[in-house]
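Remarks on the structure that follows.
The values are calculated or read from the model by the stated rules, or taken from the named source; none is laboratory data. All values reported here derive from a predicted model rather than from experimental measurement. Heads up, the Cβs are rebuilt from the backbone with ideal geometry, glycines too, and the neighbour counts pull from every protein chain shown. Ligands, DNA and RNA are excluded from the accessible area calculation, which covers all protein heavy atoms including side chains. Shrake-Rupley method; radii C 1.70, N 1.55, O 1.52, S 1.80 Å.
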Amino acid sequence: MKLSITAASVLLLAAAFCSCSTAKQAAPESVTESAYTASGAGRIGSKEELPFPLGRDISSPEFIGHVYRTDLIVPDGTHDFAWTNNIVFEPGARSAWHTHGGMLVLVTGGVGYYQEQGRPAQILRQGDVLAIPEGVEHWHGAAPDSWFSQLVIFDAAYTGAQTNAPARHVTDEAYTALETEEFPGRTAKDPAYMFYKADEGQHLPVFTGTAWVSSLAEEPNVSKGPSLHYVVFDTGVINDWHVHEAGQVLIATDGIGFHQLQGEPVQVLYPGDAVVCPPGIAHWHGAAPGSTFAHIAASARLGTAAVEWLSPVSDAELSEAQAALQERLFE
């Protein structure tokens with residue numbers, strides 16, 4: 001069955017899929033004009049342009065400027081996926097020098113910096129995936145003229161040496177005089193998508209159309225978590241009901257999509273939404289009609305990725321998904 005959707009809903013989908021804001025942040029007084037214009041491609045000039053919700057303000061003496069956090073995945077005993085947050089820095093905001101457990105940084109929007117001791121600051125842009133080994137002293141934050149949003153997946157169980165001394169900040173003088181280089185691990189990507197979309201689509205019998213699957217991080221990795229994959233669904237494409245032996249974590253990144261656990265209502269997913277499917281519970285997911293959809297997908301536990309495919313999503317279940325979409329669009 002193909003879902004139908006009203007003309008009004010199509011217009012709302014288009015509006016939800018576009019960013020209209022062109023506001024530009026005023027340059028901080030302490031930043032030179034050359035530094036202010038240096039961030040280039042991918043700059044986000046206002047918080048309204050951020051791809052994920054802003055989150056709650058966690059500004060503290062550990063930071064310069066305003067910083068915001070959204071907790072997406074918190075270990076709760078039903079899975080051992082690493083602690084996952086989305087962190088947003090306002091233009092010019094940055095952390096102090098610090099150390100912690102191994103961390104994966106996936107840039108979700110804007111332009112920022114990452115620097116280790118004795119090395120040039122690396123310029124990070126949307127789609128970059130950075131691995132920070134445990135115990136490495138570093139700082140990160142936004143470019144002076146751009147908001148910066150990063151998904152961080154980290155080993156919260158790390159018990160090694162961590163920074164406990166009073167915050168040692170990157171001063172305005174050091175920040176404006178940074179020696180910088182573009183992130184050397186960058187993979188060229190289609191700017192229409194948050195991360196690298198696989199070159200070749202897959203046409204699997206358990207999907208209703210084409211999907212593209214690429215790897216963001218393999219297991220094992222510095223976060224001590226499972227492999228991460230980026231899955232792009234063509235417009236309106238969904239998969240069949242299926243069961244993950246270890247459960248599955250999904251973080252929506254692009255477009256509008258659906259997710260449903262067996263026996264539960266359909267969830268409509270927007271960028272920044274995260275869901276955890278428990279081990280052994282059937283679910284399905286995919287793109288809403290009129291929209292492509294992409295998410296990060298990972299096993300909820302290390303060491304196993306077994307999947308059992310079940311039946312296609314029924315007409316009644318698709319109708320329920322359409323009703324949920326209509327309700328969400330008109331909220």
Rounded tilt (10° steps) of 7-17 against the dominant C-alpha axis of the chain: 30 degrees
Normalised per residue, the volume of the convex hull around the Cα set of the chain (Å³): 135 Å³
Gyration tensor over alpha-carbon atoms, the range 116-209, equivalent ellipsoid semi-axes in Å: 33, 20, 11
Cα lying deepest toward the dipole's positive end in the chain, options SER319, GLY118, THR208, charges on Cβ: GLY118
Length-normalised contact order for the range 53-184 - Cα pairs under 8 Å, 6+ apart - percent: 29 percent
ASP273 - accessible surface, heavy atoms, 1.4 Å probe, Å² rounded to 10: 50 Å²
Three principal axis lengths of the range 109-167 [C-alpha, angstrom, descending]: 34, 23, 19
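Could you tell me the relative contact order of the chain? Use alpha-carbon pairs under 8 Å, at least six residues apart, and round to a whole percent.
17 percent
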Whole-percent carbon and sulfur share, accessible surface of the chain, 1.4 Å: 54 percent
Choice from GLY160, GLY247, GLY40 showing the highest fluctuation, given a GNM over the chain with Cα pairs closer than 10 Å: GLY160
The range 62-118: relative contact order as a whole-number percent, Cα under 8 Å and 6+ apart: 35 percent
Backbone N within the range 99-113 under 19 Å of label point (7 Å from THR176 Cα along the Cβ vector): 113
Solvent accessible area, Å² - VAL307, 1.4 Å probe, full protein context: 60 Å²
Acute angle (nearest 10 degrees) that the helix 315-329 long axis makes with the longest principal axis of the chain, alpha-carbon atoms: 40 degrees
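So how do ARG301, ARG125 rank on accessible area, 1.4 Å probe, biggest first, that is with the largest at the start?
ARG301, ARG125
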Which of LEU124, LEU72 is most accessible, then next, and so on - probe 1.4 Å: LEU72, LEU124
Gain on full stretching of the segment that runs from ALA305 to GLU219 - 0.36 nm per residue minus C-alpha separation: 29.8 nm
